[in-house]
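Trainee: Starting off with a structure, shown below.
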Amino acid sequence: MKKYDELTEFLLRMGDSALIQAQRLCEWTGKAPALEEELALMNVGLDLVGQARNWLEYAAERIGDEAIDADVLAYRRDERNYRNVLMVEQPNGDFAVTMAKQFFYDVWQYHMLTQLRGSSDERVVAIAMKSLKEVTYHLRRSSEWVERLGDGTEESHRRMADAVDSVWRFSYDLLLVSDEEAALCADKTLGDITQIADQWQSMVARVLAASTLEVPAPAEPFYLNSRNGVHSECLGILLAEMQFLQRAHPDASW
Amino acid sequence: MKKYDELTEFLLRMGDSALIQAQRLCEWTGKAPALEEELALMNVGLDLVGQARNWLEYAAERIGDEAIDADVLAYRRDERNYRNVLMVEQPNGDFAVTMAKQFFYDVWQYHMLTQLRGSSDERVVAIAMKSLKEVTYHLRRSSEWVERLGDGTEESHRRMADAVDSVWRFSYDLLLVSDEEAALCADKTLGDITQIADQWQSMVARVLAASTLEVPAPAEPFYLNSRNGVHSECLGILLAEMQFLQRAHPDASW
Amino acid sequence: MSPEERAFQERIDAEIKIEAKNWMPDSYRKTLVRQISQHAHSEIVGMLPEGNWVTRAPTLKRKLQLMAKIQDEAGHGLYLYSAMETLGADRDEEIEKLHSGRAKYSSIFNYPTLNWADMGAVGWLVDGAAIVNQVPLQRTSYGPYARAMIRVCKEESFHQRQGYEILLHMMQEGTDAQKEMVQDAINRLWWPALMMFGPSDEHSPNSAQSMAWKIKRHTNNELRQRFIDQTIPQLEILGCTAPDPDLKWNEETGHYDFGEIQWEEFYRVIQGHGPCNRERLEARRNAIHSGAWVREAAVAHAQKKQQAVA
Amino acid sequence: MSPEERAFQERIDAEIKIEAKNWMPDSYRKTLVRQISQHAHSEIVGMLPEGNWVTRAPTLKRKLQLMAKIQDEAGHGLYLYSAMETLGADRDEEIEKLHSGRAKYSSIFNYPTLNWADMGAVGWLVDGAAIVNQVPLQRTSYGPYARAMIRVCKEESFHQRQGYEILLHMMQEGTDAQKEMVQDAINRLWWPALMMFGPSDEHSPNSAQSMAWKIKRHTNNELRQRFIDQTIPQLEILGCTAPDPDLKWNEETGHYDFGEIQWEEFYRVIQGHGPCNRERLEARRNAIHSGAWVREAAVAHAQKKQQAVA
């Protein structure tokens, strides 16, 4: 397990999360419940790969090793070195689970990016500003779906409630701010993201309530820890597929 | 696409088929409909990996390149160089599809191995003799399951009939004997496998009839061709998973 | 010919677009619905062979490109179904015809994508052939279809250039294994791409009426020849070959001669027995089937909202 | 004490096995059913973390070994459920208790397997700890259980050696990345393996009665110490370390001292809130649920056969 400096680790957390969320969206290709959703899921995924590239490029620059660029970071790290939040790696399940994951991630992104605009690091500010525009749209869409499914039919309500229940437990990992990150906030390198848990809980509670869904008690940490690369088992299989060509053809240029 | 001499290509066909069939069985771990089946599926899979190793070791010896052994053949070839029959790479589906695939493959193996005992090549004879014992058991088991499901409940009958229908179209690829193989039979390198289609059809027809299932008309060739590595799309994803560690760590020794 | 019919044909002859509100012969309407819906279905089914690789795209850049292409195809499907609906057809009904095997879609998407270079070759050859088919449709007599085609063609020619660039990069910067992938992709997709223009003119019975209606503006053979003529120089720049020993430049005609197409394979595929027909339709059916509860929920929710307002 | 009870206890004291047909106290029967079923459940759930890697085993040899191990575990599950059924319990009922969260299984299987070295470390540490727990059970007072244990222990000690060999090979022949995997696997699995012996003696209330019945022959702490004492020298040969700064040889006691176990984590996990509890139980429930039609078909077919004979 490789650890970089605090800011680089944070950039990996942002970039890896966007990438893995996008990879899960790619899995929906040709399987969405309506043509409009094919378009929308891919659209969100596209934004996220773009964001991932921006974060990872900056991380690679900071690492400062000529052999490491954004693609190397994306395609040549094992799961133990991936820093994505646990929420995004979870299997897609049905459309309700996918939307629950997307919504929880969007709320997190929205508040994170909003705060990151206040960073003293110009690159972070630039990426956050650009991403926030996209994420504002993602969030509107995913919260609308949560509401539609939560307050739709009996079946959709049950599925949406089950979906929230099944991924809620990973939310602690979104919301925990590490000591290293708190230090980056204290010295203003990052905008103040230390209130993320409250911001997330309050927006999520509002949308779930509007969706006639119960708001679970805050999730407690339980061993899995994205910052140390202790992921769910599903990530390894996802990476095996995503990274295959780069792994199989290490000398290739694509 | 790499092509080896006729016998080596044939060995790859036998070895790759056993390996891919076993890989699909591995996917059942922890998912079988009964504990007895966990045991049995893994047992069959074990036999098949053993057979694959024997065939691939012999193929590697014939290739005669120091850098190529059975593991290199198994773990470093792309899908276009895999020679497994199309039947075995098909997704597992439900237990009926898995059993249909297993049964069709077992009948083929049974008759192939029976004939291969008459080869002039001692290695082929030795592998065939050892494998035939195992396959005789596999075949008994899979034909029992086909019968049990075909002549079980209404639901199981429907599922078994659907299963036969869904994979039957790949049977032409099992049954076609290439010109190269026919030549190997003619000069006695291989035992006479040229009657495989008739032998397969007649045994399959008997079991399907006993299972109250209809026997479809013989399947016609349609573009996909295992001998040229023109596989179904599903093989690539299977290999991405199976080969990941060897691809990700090319210098490792396991 | 009735006065209405005459006015209709005169309008067409004068290159004035027919619009949804105009009178049109029933057979014109039916032919267009069939043609546009087939085109829309092709966009949707065409996402599937790409979906097979989008999770394995080898770099972030290539992933972005492929995702954008898939997104565009979903978009094309949407425009086209909309254009079709202006003719009074129903999207769900037409999709049901696709799922039950009564409607067709482009035969090319029944072939598997077997290596990454296929993502380049599909863009270059398949979108390339589609463009040659569709460029004349930008001037087709039915207004909504013509306008949809303008946008579709623009995006597809972008896809084509991108696909070609994928291949060119692999040929110029790639390893031997990558170059082999490119040639392999071309070998497999070449003939199916030529088949995209449909049967030879002598076996294409609907053409005459479609030509008069300016739904179709060139014969299958003309378009096929145009595609070949423009593609071979690009193939040569790649440093690849076509899997056709009879292909050669004909000084006299000013066109490339080429070998006999395997029409038997073509008919097999369009009759539903191609290598991936079953998988493609099952994928689409599954998507619609497992999404039913989502669509129902959306409707139910919208109704609740409306009732709350009322 | 009733005469029956006295005879029962005398038999146990004389090291004569209790057999299914013998009289036994209800609480003995219940305790055993619980213990044996938990053990059986552990074998079955224990297949899942290995199932996560069996499709990715890096060589044919390692694949064979892992498949054989998984097969053995299914076999152990079968023997153990059979032993349990001799006590009048029903396998399906006990499995239903597992699925509804009323029955326990070994907490270790609620941890994820995150790299290939975990397949070695599970064999070495988890099967190793299991053996230390189970060796005394080969002499347990209940005959069918004792006999099942003899076979289980033999196979598990084979697994343990194989697991250790996987790690040793990676440490001795492997790349830096592989060595890192080994140390990482040990870091993650070390404490959960120590937890396999259960709570400290002062928090293990059932022990006294179980000892008298010879269902249990050593305390949790004794077994844990035995495991540590035998494992550390193997760890040193590997060239790895345990993630325990307090671990050191105690010349006086002749044992290794070791740090405090995080009992809070242990209780969280056995209460169902470990990292993979939910996934493990869902996997088992799904297997049984989606296999229902298969089992029904087998029953229906057997009945048809029987009727045909009658």
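The values are calculated or read from the model by the stated rules, or taken from the named source; none is laboratory data. These figures come from a predicted structure and were not determined experimentally. Note: ideal-geometry Cβ built from the backbone for every residue, glycine included; neighbour counts use all protein chains shown. When the accessible area is computed, the model is the full protein with side chains, heavy atoms only, and any ligands, DNA or RNA have been set aside. Shrake-Rupley method; radii C 1.70, N 1.55, O 1.52, S 1.80 Å.
Trainee: Confirm whether C:Ile16 is in contact with a Phe, Trp or Tyr (Cβ under 7 Å, 6 or more places away or on another chain) and either over 27 Å from A:Glu36 (Cα atoms) or crowded, with 22+ Cβ neighbours inside 10 Å (or both).
Mentor: So C:Ile16 fails the test.
Trainee: If you don't mind, there's one more thing I want to ask. Is it fair to say A:Val204 is farther than 30 Å from B:Glu241 by Cα, more than 14 Å from every other protein chain (Cβ to nearest Cβ) and without any contact (Cβ under 8 Å) to a residue 40 or more places away in the chain?
Mentor: No: the conditions fail for A:Val204.
Trainee: For A:Ala70, indicate whether it is buried (at least 20 other Cβ atoms within 10 Å of the Cβ) and either among the hydrophobic types (A, V, I, L, M, F, W, C) or within 16 Å of the chain's Cα centre (by Cα) (or both).
Mentor: Against the criterion (buried (at least 20 other Cβ atoms within 10 Å of the Cβ) and either among the hydrophobic types (A, V, I, L, M, F, W, C) or within 16 Å of the chain's Cα centre (by Cα) (or both)), A:Ala70 qualifies.
Trainee: Which condition breaks for B:Gly152 when tested against (1) within 27 Å of B:Gly50 (Cβ to Cβ); (2) within 14 Å of another protein chain (Cβ to nearest Cβ); (3) of a type in the set (Gly, Ala, Ser)?
Mentor: Answer for B:Gly152: the failing condition is (1).
Trainee: Looking at the structure I just gave you, is D:Met195 closer than 12 Å to D:Trp116 by Cα, at pLDDT 95 or above and within 14 Å of another protein chain (Cβ to nearest Cβ)?
Mentor: Here the answer is no, as D:Met195 does not meet what is asked.
Trainee: Quick one: which residue in C:Ser207, C:Ser200 is closer than 21 Å to C:Thr140 by Cβ and open to solvent by less than 30 Å² (accessible area, probe 1.4 Å)?
Mentor: One residue alone meets the criteria, C:Ser207.
Trainee: Then there is this: If I go through region C:14-46 residue by residue, how many of them are more than 18 Å from C:Met149 (Cβ to Cβ), hydrophobic (A, V, I, L, M, F, W, C) and not in a loop (DSSP other than H, G, I, E, B)?
Mentor: So the count comes out to 1.
Trainee: May I ask you to list the residues in region B:11-36 that are under 17 Å from B:Trp145 (Cβ atoms) and either at pLDDT below 95 or facing chain D (nearest Cβ under 8 Å) (or both)?
Mentor: Answer for region B:11-36, where residues must be under 17 Å from B:Trp145 (Cβ atoms) and either at pLDDT below 95 or facing chain D (nearest Cβ under 8 Å) (or both): B:Lys31, B:Ala32, B:Pro33, B:Ala34, B:Leu35, B:Glu36.
Trainee: What's the number of the condition A:Arg158 fails, among (1) crowded, with 18+ Cβ neighbours inside 10 Å; (2) within 14 Å of chain C (Cβ to nearest Cβ)?
Mentor: (1)
Trainee: Check whether at least one residue in region C:268-275 is more than 14 Å from chain A (Cβ to nearest Cβ), touching a strand residue (DSSP E or B) at 6+ places or on another chain (Cβ under 8 Å) and over 22 Å from C:Ala185 (Cβ atoms), and report yes or no.
Mentor: Within region C:268-275 (the criterion being more than 14 Å from chain A (Cβ to nearest Cβ), touching a strand residue (DSSP E or B) at 6+ places or on another chain (Cβ under 8 Å) and over 22 Å from C:Ala185 (Cβ atoms)), the answer is no, since none of the residues qualifies.
Trainee: If you go through region D:298-310 one residue at a time, do you hit one that is touching a helix residue (DSSP H, G or I) at 6+ places or on another chain (Cβ under 7 Å), within 13 Å of chain B (Cβ to nearest Cβ) and without any contact (Cβ under 8 Å) to a residue 12 or more places away in the chain?
Mentor: yes
Trainee: If you scan region D:226-248, which residues turn out to be open to solvent by 30 Å² or more (accessible area, probe 1.4 Å) and of a type in the set (A, V, I, L, M, F, W, C)?
Mentor: If the condition is that a residue be open to solvent by 30 Å² or more (accessible area, probe 1.4 Å) and of a type in the set (A, V, I, L, M, F, W, C), then D:Ile237, D:Leu247 are the ones that fit.
Trainee: Could you name every one of the helices (runs of 4 or more DSSP H) located completely within region C:47-147 that has at least 1 residues being more than 9 Å from every other protein chain (Cβ to nearest Cβ) and under 30 Å from A:Gly50 (Cβ atoms)?
Mentor: Result: C:60-85, C:117-121, C:128-134.
Trainee: Continuing with this model, one more query. Determine the pairs where a residue that is more than 15 Å from D:Pro144 (Cα to Cα), located within region D:26-40, has a partner that is open to solvent by 70 Å² or more (accessible area, probe 1.4 Å) with Cβ atoms under 7 Å apart, the partner being 6 or more residues away or on another chain.
Mentor: Filtered contacts from region D:26-40: D:Gln38/D:Lys104.
Trainee: Okay, next question. Please work out if A:Leu238 is aliphatic (A, V, I, L, M) and either open to solvent by 40 Å² or more (accessible area, probe 1.4 Å) or in a helix (DSSP H, G or I) (or both).
Mentor: yes
Trainee: Please state which of the following conditions D:Lys154 fails to meet, knowing it meets all the rest: (1) open to solvent by 20 Å² or more (accessible area, probe 1.4 Å); (2) under 30 Å from D:Pro243 (Cα atoms); (3) in contact (Cβ under 8 Å) with a residue 40 or more places away in the chain.
Mentor: (3)
Trainee: Could you tell me which of the residues D:Glu260, D:Glu282, D:Glu251 is open to solvent by 60 Å² or more (accessible area, probe 1.4 Å), within 14 Å of chain B (Cβ to nearest Cβ) and not β-branched (Val, Ile, Thr)?
Mentor: D:Glu282 is the lone residue from the list that is open to solvent by 60 Å² or more (accessible area, probe 1.4 Å), within 14 Å of chain B (Cβ to nearest Cβ) and not β-branched (Val, Ile, Thr).
Trainee: Could you tell me whether A:Glu61 is more than 9 Å from every other protein chain (Cβ to nearest Cβ), open to solvent by 20 Å² or more (accessible area, probe 1.4 Å), over 17 Å from C:Leu60 (Cα atoms) and more than 14 Å from the chain's Cα centre (by Cα)?
Mentor: So A:Glu61 fails the test.
Trainee: Need the failing condition index for B:Met14 against (1) of a type in the set (A, V, I, L, M, F, W, C); (2) more than 13 Å from the chain's Cα centre (by Cα); (3) buried (at least 23 other Cβ atoms within 10 Å of the Cβ); (4) in a helix (DSSP H, G or I), just the number.
Mentor: For B:Met14, the failing item is (2).
Trainee: What number goes with the only condition from (1) among the β-branched types (Val, Ile, Thr); (2) surrounded by fewer than 18 Cβ atoms within 10 Å (Cβ to Cβ); (3) within 30 Å of C:Gln303 (Cα to Cα) that A:Val164 does not pass?
Mentor: (2)
Trainee: Out of the residues in region B:213-235 that are free of Cβ contacts under 8 Å to residues at least 24 places away in the same chain and surrounded by fewer than 19 Cβ atoms within 10 Å (Cβ to Cβ), which is nearest to C:Trp263 (Cα to Cα)?
Mentor: Once the filter is applied, the top-ranked residue is B:Tyr223.
Trainee: Could I ask something else about it? Go through region B:102-131 and give me each residue that's assigned to a helix (DSSP H, G or I), open to solvent by less than 20 Å² (accessible area, probe 1.4 Å) and over 15 Å from B:Ala205 (Cα atoms).
Mentor: B:Gln102, B:Gln109, B:Met112, B:Leu113, B:Leu116, B:Val124, B:Ile127, B:Ala128, B:Ser131 - these are the residues of region B:102-131 that are assigned to a helix (DSSP H, G or I), open to solvent by less than 20 Å² (accessible area, probe 1.4 Å) and over 15 Å from B:Ala205 (Cα atoms).
Trainee: Take the conditions away from every other protein chain (no Cβ under 12 Å) and not aliphatic (A, V, I, L, M) and apply them to A:Thr8. Does it pass?
Mentor: The answer is yes for A:Thr8.
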